[in-house]
Structure formats: C-alpha cells, structure tokens
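Below is one structure, written out as structure tokens; the observations come after it.
The values are calculated or read from the model by the stated rules, or taken from the named source; none is laboratory data. Keep in mind the model is a prediction, meaning the values are calculated, not measured. Surface areas here come from the heavy atoms of the whole protein model, side chains and all, with no ligands, DNA or RNA. Shrake-Rupley method; radii C 1.70, N 1.55, O 1.52, S 1.80 Å.
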Amino acid sequence: LLLRRGRRFVSDVVFVDGRLSQPIGYVNGSTAFFTMAFLAASVLASRREAPMFARAALLGAATVLLDLAVLSQSRAWLVFFPLGLLATFVLVPNRMRLLLTLLPVGVVTLLSLPTLLEVYRAFGAPGAVDAIADARDVVLLGGAVTAVLGGVGAWLDRRTELPASVGRRADRWLAVAGAALAVVGCVAALVAIGDPVARAADAWDEFESGYPSEFSGSHFTGGGLGD
C-alpha cells in the first residue's frame, strides 16, 4: 500500500523528512512506541515457560520493532534506548537468558543498518521509494530470520538445564554490570553534552529552523538531542 500510493504519500504521511513518523504521527512518539514494544517482546521471548512458537514470533517481532525504531532516527533514542535496555537487564530475572535471546536480534539489526539508514540519505531523491522498499524487505527478512532462530533457541532451551547456582551468579553479575554501565553512560552523556543549557538552546534553534531540503549522512549524526 505504501509504495502503491506513491512518493507523496510516503513523504507526507509515513516518512517525514526521511524519518518514519507513523503510527503515532510524531517521530519521537513512534520511536518510544517501538522501543517499549521491543523491550516487552524481548523479555517475553526470553521466558522459558512461554510456548516455543510464541517465543519465536516474539523474537521476530522484536527485530521488526527495533528496525522500525532505527528508521525513525531519533537522536534522543541513542541516549534513552541504551538506558532503557540496561534498566531492563537490572530489573528483570533470568538476565543471562535475556542476553542470549537478544544476541541474534542485535546481529541482524547491525547487518540491516546500512539499508535502514539509506532511507534518510535517499529521501527527496528519485531513488527514495526504492530505498524504502529495500528497507521494508530487510525488516521483514530480519524478522523472519530471528523468528526461526528464536524457535531453534527455544527448542534448545527446553532441552538444556544449567545448574541453578550458575544462573543465579550470572544474573547477579549482569545486574551489577548493567548498573555500572548505566552510571558510566550517564556520566559520559553529561561530559559529551557539556553545558546542558547551551545544548538545549542549540537543539531548539535547530528545531525552529526546520530540516534541510537535501539529506546526507544520517540524522543520528546531527547535533543536539532534540528530534
């Protein structure tokens, strides 16, 4: 439907300034929606007691949701997504199982990254629709691949039993490591931002000036943490 409706539909409704704005209609809102759903699907996919086919479907959905968040290209997401992921690891049980569950999602998304980022670079050019079609195919393929891997992982998980003491120690170490990384990440973010008032003013000026008519690189590499 997206491609059949043509460039105007893509530009004005689904992708705005080269960034995915739907289903919320606002880039940051859609990014938050995708991220929350991704975290929930990832945790559920890691649960051993969940049905095998449900775990497979949830892992595929988690990959699709993460890819869609990347397509939104929210700079604030680069800060808040790692913090949300670390908080998830600190708060949920069975952290080692969650880590192993997320590994294929991370690998597939990294492999898909060049195609996903190409949508922003191609926007406004004749090849924009083709770039969106390529991104769509990559998102669907990545979801299918991780769904298969999730099913295999769930099958192996049901047939592998680690000593309870090993699982508890791994969970404790991951919780400590996650908390330490969260602290380090916050400090690093403050150092990178420098003067938060000046950075906020720069981001607001950038927001008021609008987006360029020509796109290059990635929106992630822009200046402030606004949109």
Inset, instruction - Please label the shape of region 35-162 as rounded, prolate or oblate, based on the square roots a ≥ b ≥ c of the eigenvalues of the alpha-carbon gyration tensor (a/c under 1.5 means rounded; beyond that, a/b larger than b/c means prolate, else oblate). - result: oblate
Inset, instruction - If a/c stays under 1.5 just call it rounded; otherwise compare a/b with b/c (prolate if a/b is bigger, oblate if not). Do that for region 61-121, with a ≥ b ≥ c from the square roots of the Cα gyration tensor eigenvalues. - result: oblate
Inset, instruction - Could you go through region 151-160 in sequence order and give the Karplus-derived ³J(HN,Hα) for each residue, using 6.51 cos²θ - 1.76 cosθ + 1.60 with θ = phi - 60°, rounded to whole Hz, and x for Gly and Pro? - result: x, 5, x, 5, 5, 5, 4, 5, 10, 10
Legend entry - Accessible-area value, Asp137, 1.4 Å probe, nucleic acids and ligands omitted, Å²: 70 Å²
